[in-house]
Every structure is written in C-alpha cells, then in structure tokens.
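Trainee: Shown below is the structure under consideration.
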Amino acid sequence: MKRKKNNLHLTITDRREIENLLNEGKTITKISNIIFKDRSNISREIQKHFYIYFPSSFNNKWYCLNASSCNRRYFGCEKECSSFVPDICNELEKSPHVCNGCDKFKKCKKLKYLYKADIAHQQYLCDLKKSRSHTHYNEIELSILNNDFTNLVLQNCSIYHSLMVINQRGFNFKKSSIYRQIKEGRLQLKLSNLPRYTPSNVSKEKDKSYKRNIEGHTYEDYIEYVKNNQQAIISQMDTVEGIKDLNAPVLLTFEIVQCKFLLAFIIEQQKIENVILKLKELEENIGNELWNKISEIILTDNGKEFYNYEKFQNAFNTSNIYYCHPYSSFEKGSIENSHELIRRVIPKGVSLKPYTQHDINILINNINSLYRESLDGKCPFDLIKDIIPLDILKKMGYHSIEAEKVNLTPNLLGKKNIENITKYLDKIAIKKAHINL
C-alpha cells in the first residue's frame with residue numbers, strides 16, 4: 001500500500017487535483033485517499049486558500065445581514081463597509097467548508113467560498129516568499145548566530161561544521177536557511193567571509209586527451225576497475241605546491257576517499273623519487289598489509305611527480321595507479337576539496353620551507369576533525385578507525401581535535417605562518433584568497 005506523504009509542499013498539480021475532486025463532491029477523506037496526502041494537510045490547504053465570491057447584486061436581495069436596517073446601501077458597498085456581516089450558507093459550517101460541488105451553486109444567492117487551484121497556488125507562492133524574506137529567530141538564536149556561530153565559521157571556515165557544533169547545544173538551524181540569510185545580509189557573517197565565494201569565470205575549452213600512452217591506467221580503466229571491485233578502498237594522491245621553484249618543498253597528499261581521511265607529508269622536491277620514498281616510509285609505518293589495502297586503487301593527476309607510472313608500479317607491484325584526464329581535477333574532487341582546506345591556512349603562493357612535519361600534522365588533524373555533510377555529520381577521524389587503527393595513526397602524529405577547537409585559519413600555525421604569508425602575499429592577494437589574518 002502506498003504511504004501518504006506528510007509535511008510536503010503541495011504542487012500546482014496537487015492543487016488542481018484537489019479542485020477537481022471538490023467539484024465532483026468528494027469528501028476530504030476520499031481526496032486524501034486518492035492523492036495520498038494527509039487529510040489534515042488538505043483541510044488546512046482549503047481553509048487557508050479559499051477565496052470569497054460575491055454574487056451579483058443585480059436583481060438580487062442584499063446578502064448582508066444588516067441590510068434591512070442600513071441606509072447607506074450601494075453597489076459594491078460590502079467590500080468597503082466595516083459593518084458588513086455576510087449572509088453565509090449553513091452548509092459551509094460542514095466539511096469541506098467550500099461551495100465547490102454544491103448542487104445549489106448556481107441558484108444560491110448567498111456569499112460563496114470557493115477553492116480554485118491557480119488562485120490558491122499564487123497565494124501559496126506569495127506566502128512562501130514573504131515567510132522567507134525575514135528571519136524567524138528569537139533574540140537568543142540571533143545572538144548565537146551573530147556571535148558564537150560567526151566566530152566558529154571565521155575559525156574553522158566551514159558553515160556545516162559550525163552548525164553541527166551549535167546544533168549540539170539543542171538548536172536546529174538549517175544550512176540552506178543560514179546561507180540564504182547570509183546572502184540577504186541579515187546576519188553579521190558576510191559572503192566575503194566564506195572561503196568559496198568567488199565569481200565564476202568562463203574558461204576556454206582545453207584539450208583533455210592524454211599526451212602519452214598509458215593503456216590500462218586511464219580514468220576509464222579506473223571506472224571499470226572500481227565497477228568490478230566494489231569492495232576495494234579508493235585513494236587519491238596529489239601534491240600541494242608552495243612557490244614555483246624546482247627545488248622548493250611540496251606537500252604530498254594522500255586521501256582515503258571512503259572516509260575523507262587525509263594524510264600529508266613534506267617532500268623536498270617535486271619528483272617521483274621523493275614521492276616513492278615517502279610512500280615507502282608510510283608503508284613501513286602502517287605495515288605492508290594495511291598499505292596494500294589502502295593502495296589497491298590510487299587515482300592521481302598527470303603532474304611530473306607522478307608522470308612515470310612504470311617506476312611507481314615497479315616500486316608498489318600490488319597497487320593500481322590511474323590518471324585523471326588532463327585539466328580534469330574534478331575527477332579526483334575529494335582530495336581537491338581537502339586542498340581547499342589546506343589553502344585556508346597556507347594560501348597558494350606561499351613557501352613551504354618554514355614548516356615542519358609537526359606543523360603539517362597539526363593542520364591535518366584539524367582538517368580530519370571537521371564534520372562533513374558527505375559523511376552524514378561525522379568527521380574523518382570517526383570513520384578511519386575501521387581501516388587504520390588509531391594507535392598506529394597516533395604514532396604518526398595524527399589525533400582528533402575537539403569540535404569547538406577546530407581551527408582552519410592562518411593563526412593555527414602561529415606567528416611564523418602569519419609572517420610567512422605577509423612575506424609572499426600583498427594585501428590584495430590575501431583578500432582575494434579569503435584569508436583572515
């Protein structure tokens with residue numbers, strides 16, 4: 001049996017069906033069973049959106065109960081008179097409280113209540129727009145949003161994580177409503193405070209074909225392998241650059257997509273030898289069995305540090321490495337999103353030389369402690385324990401951070417980081433990167 005849908009907005013199609021069934025003389029209960037909506041919803045809809053139909057006064061008695069004692073009667077006076085008391089049919093006291101489907105409709109000279117779908121839908125749209133044009137928060141909620149919530153967003157740069165923290169106090173703020181209130185300027189938090197608020201640029205079409213023969217390692221091969229090995233763990237690998245310098249250090253990033261858990265390591269140069277050396281070190285730390293488990297499928301890009309897949313396969317013969325199409329970083333969107341979180345603390349164009357692996361671990365711990373909507377409100381640390389034991393991660397310097405202490409601003413790495421940013425970026429570049437110093 002089909003289940004009735006409650007608490008869902010009625011569409012214009014639903015309203016037209018209600019109108020047709022009312023015209024046929026159906027009761028609210030029968031309408032409810034036909035369109036699979038709760039009868040209380042239908043009853044409220046009719047009572048809220050019926051309209052009053054004034055019968056013509058031509059060759060007709062006055063349909064005001066005060067007409068016999070009134071000396072100010074004129075055509076259309078019922079629409080302006082404050083003493084107007086309509087002569088209403090007793091049948092309107094019964095369900096469905098409208099005149100649709102009444103046998104006496106044409107002959108009746110009394111005031112009529114009618115339900116018309118198109119009029120009802122227009123009233124609904126106006127009410128909806130009106131209800132969303134202002135905040136519905138009380139003083140306490142507004143204070144929480146403009147103070148605690150705003151401070152959390154400026155600290156961890158995540159609307160979703162901040163809402164999770166605030167809602168744990170017993171509130172029920174919705175992400176979509178918050179974004180709308182911010183956009184309309186009804187909260188102290190501004191669009192310019194949000195890290196992803198950038199004007200979209202229309203880019204030219206680029207050649208996304210592979211420039212070398214990598215048969216068996218293309219993105220199409222990756223899709224096919226995942227389809228045939230659905231239980232396998234998928235990982236993505238990339239590097240985060242500092243300044244453009246062949247001898248400058250970079251971050252090697254490795255993410256387990258299933259739980260969005262990110263690992264990051266400083267490597268001295270952006271070369272495949274350095275990548276292999278660091279991954280061998282990771283294999284040694286977590287053990288060969290766990291490494292084989294998380295490296296069965298590795299998706300990366302066509303950067304020079306990953307270009308030679310043969311060297312990689314020789315070093316890790318149980319791993320399968322695949323390459324995205326050129327200019328298609330969205331194909332490994334999970335790790336790219338994690339890079340955005342890194343850039344909130346260490347922006348693009350800043351040298352990575354001042355940072356130690358301990359600094360990077362602090363940053364990664366905060367990223368992995370951030371609540372994710374894609375993980376049903378959990379953080380990567382909540383899920384990684386099913387893949388890698390927490391004691392192994394602890395030995396490597398990874399541990400969770402308390403939700404309210406998660407910080408993804410440059411202040412996380414202290415004065416050293418602030419000085420490094422101001423050394424390489426001017427005020428305009430800092431503002432463009434949405435960095436709050």
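The values are calculated or read from the model by the stated rules, or taken from the named source; none is laboratory data. Nothing here was measured: the structure is a model prediction, and the numbers come from that model. With ideal geometry, Cβ positions are generated from the backbone for all residues, glycine too; neighbour counts draw on all protein chains shown.
Trainee: If D207 satisfies every condition in (1) at pLDDT below 85; (2) loosely packed, with under 12 Cβ neighbours inside 10 Å; (3) not in a loop (DSSP other than H, G, I, E, B) but one, which is the exception?
Mentor: For D207, the exception is condition (3).
Trainee: Please work out if C108 is farther than 17 Å from I18 by Cβ and either modelled with pLDDT under 75 or part of a loop (DSSP other than H, G, I, E, B) (or both).
Mentor: Details: farther than 17 Å from I18 by Cβ: yes; either modelled with pLDDT under 75 or part of a loop (DSSP other than H, G, I, E, B) (or both): yes.
Criteria met by C108.
Trainee: Still on this model: What helices (runs of 4 or more DSSP H) lie completely within segment 354-425 and have 1 or more residues being at pLDDT below 95 and under 18 Å from R344 (Cα atoms)?
Mentor: Numbers: elements: 357-367, 380-384, 390-395, 414-424.
Counting at least 1 such residues, we get 414-424.
Trainee: A further question on this structure: As an exercise: evaluate I387 against (1) closer than 15 Å to V257 by Cα; (2) buried (at least 17 other Cβ atoms within 10 Å of the Cβ); (3) not acidic (D, E) and give the number of the one condition it does not meet.
Mentor: It is condition (2) that I387 fails.
Trainee: Evaluate the following for K278: is it closer than 24 Å to Y219 by Cα, assigned to a helix (DSSP H, G or I) and among the basic types (K, R)?
Mentor: On the way: closer than 24 Å to Y219 by Cα: no; assigned to a helix (DSSP H, G or I): yes; among the basic types (K, R): yes.
No.
Trainee: Restricting attention to segment 247-290, which residues are without any contact (Cβ under 8 Å) to a residue 40 or more places away in the chain and of a type in the set (D, E, K, R)?
Mentor: E268, K271, E273, K278, K280, E281, E283, E284, E289, listed by residue number.
Trainee: Could you check how many residues of segment 285-311 are assigned to a helix (DSSP H, G or I) and among the polar types (S, T, N, Q)?
Mentor: The first filter runs over segment 285-311 and keeps only residues assigned to a helix (DSSP H, G or I), leaving 285-286, 288-294, 309-311.
Next, from what is left, pick out any that are among the polar types (S, T, N, Q): 285, 288, 292.
Residues in segment 285-311 being assigned to a helix (DSSP H, G or I) and among the polar types (S, T, N, Q): 3 in total.
Trainee: So, in segment 346-384, of the ones that are in contact with a Gly (Cβ under 9 Å, 6 or more places away or on another chain) and farther than 20 Å from I421 by Cβ, which residue ends up surrounded by the fewest Cβ atoms within 10 Å (Cβ to Cβ)?
Mentor: The qualifying residue surrounded by the fewest Cβ atoms within 10 Å (Cβ to Cβ) is N365.
Trainee: Run down S338, S328 and say which single residue is surrounded by fewer than 19 Cβ atoms within 10 Å (Cβ to Cβ) and either within 25 Å of the chain's Cα centre (by Cα) or within 20 Å of K395 (Cβ to Cβ) (or both). Working first, answer last.
Mentor: Working: S338 fails: surrounded by fewer than 19 Cβ atoms within 10 Å (Cβ to Cβ).
Of S338, S328, the one residue that is surrounded by fewer than 19 Cβ atoms within 10 Å (Cβ to Cβ) and either within 25 Å of the chain's Cα centre (by Cα) or within 20 Å of K395 (Cβ to Cβ) (or both) is S328.
Trainee: If a residue must be loosely packed, with under 14 Cβ neighbours inside 10 Å and of a type in the set (V, I, T), how many such residues does segment 12-26 contain?
Mentor: 1
Trainee: Checking the conditions here, which among C77, C81 is at pLDDT below 85, of a type in the set (A, V, I, L, M, F, W, C) and crowded, with 16+ Cβ neighbours inside 10 Å? It would help to see each step written out before you state the result.
Mentor: Numbers: C81 fails: crowded, with 16+ Cβ neighbours inside 10 Å.
C77 is the lone residue from the list that is at pLDDT below 85, of a type in the set (A, V, I, L, M, F, W, C) and crowded, with 16+ Cβ neighbours inside 10 Å.
Trainee: For residues that are within 25 Å of the chain's Cα centre (by Cα) and crowded, with 18+ Cβ neighbours inside 10 Å, tally how many sit in segment 113-149.
Mentor: Total meeting the criteria: 3.
Trainee: Further question on the same structure: State whether one or more residues within segment 312-333 are among the aromatic types (F, W, Y), within 30 Å of S158 (Cα to Cα) and either free of Cβ contacts under 8 Å to residues at least 24 places away in the same chain or touching a Gly at 6+ places or on another chain (Cβ under 8 Å) (or both).
Mentor: Yes, segment 312-333 contains at least one residue that is among the aromatic types (F, W, Y), within 30 Å of S158 (Cα to Cα) and either free of Cβ contacts under 8 Å to residues at least 24 places away in the same chain or touching a Gly at 6+ places or on another chain (Cβ under 8 Å) (or both).
Trainee: Filtering segment 175-195 down to residues that are assigned to a loop (DSSP other than H, G, I, E, B) and of a type in the set (A, V, I, L, M), which residue is surrounded by the most Cβ atoms within 10 Å (Cβ to Cβ)?
Mentor: Narrowing segment 175-195 to residues assigned to a loop (DSSP other than H, G, I, E, B): 184-190, 194-195.
Applying the additional criterion that residues be of a type in the set (A, V, I, L, M) yields 187, 189, 194.
On the way: L187: 18, L189: 21, L194: 17.
Of everything passing the filter in segment 175-195, L189 is surrounded by the most Cβ atoms within 10 Å (Cβ to Cβ).
Trainee: Next question. Looking at (1) surrounded by fewer than 21 Cβ atoms within 10 Å (Cβ to Cβ); (2) in contact with an Asp or Glu (Cβ under 8 Å, 6 or more places away or on another chain); (3) farther than 21 Å from T318 by Cβ, which one does N229 not meet, given that it meets all the others?
Mentor: Status for N229: all satisfied but (3).
Trainee: Need pairs with beta-carbon distance below 6 Å; first residue within 28 Å of I388 (Cβ to Cβ) and within segment 212-234, second surrounded by 10 or more Cβ atoms within 10 Å (Cβ to Cβ) and acidic (D, E); sequence gap 6+ or separate chains.
Mentor: Y219/E331; A232/E296
Trainee: Please list, ordered by first then second residue, the pairs with beta carbon atoms under 6 Å, 6 or more apart or interchain, first in segment 91-119 and without any contact (Cβ under 8 Å) to a residue 40 or more places away in the chain, second assigned to a loop (DSSP other than H, G, I, E, B) and not small (G, A, S).
Mentor: Every condition considered, the pairs that remain are F105/C99.
Trainee: Tell me which residues, restricted to segment 334-353, are under 19 Å from L194 (Cβ atoms) and either touching a Cys at 6+ places or on another chain (Cβ under 8 Å) or part of a helix (DSSP H, G or I) (or both).
Mentor: E336, N337, S338, H339, E340, L341, I342, R343, R344
Trainee: Next up: Residues that are in contact with a strand residue (DSSP E or B) (Cβ under 9 Å, 6 or more places away or on another chain), at pLDDT 75 or above, among the small types (G, A, S) and assigned to a loop (DSSP other than H, G, I, E, B): does segment 21-42 have at least one?
Mentor: No, the conditions are met nowhere in segment 21-42.
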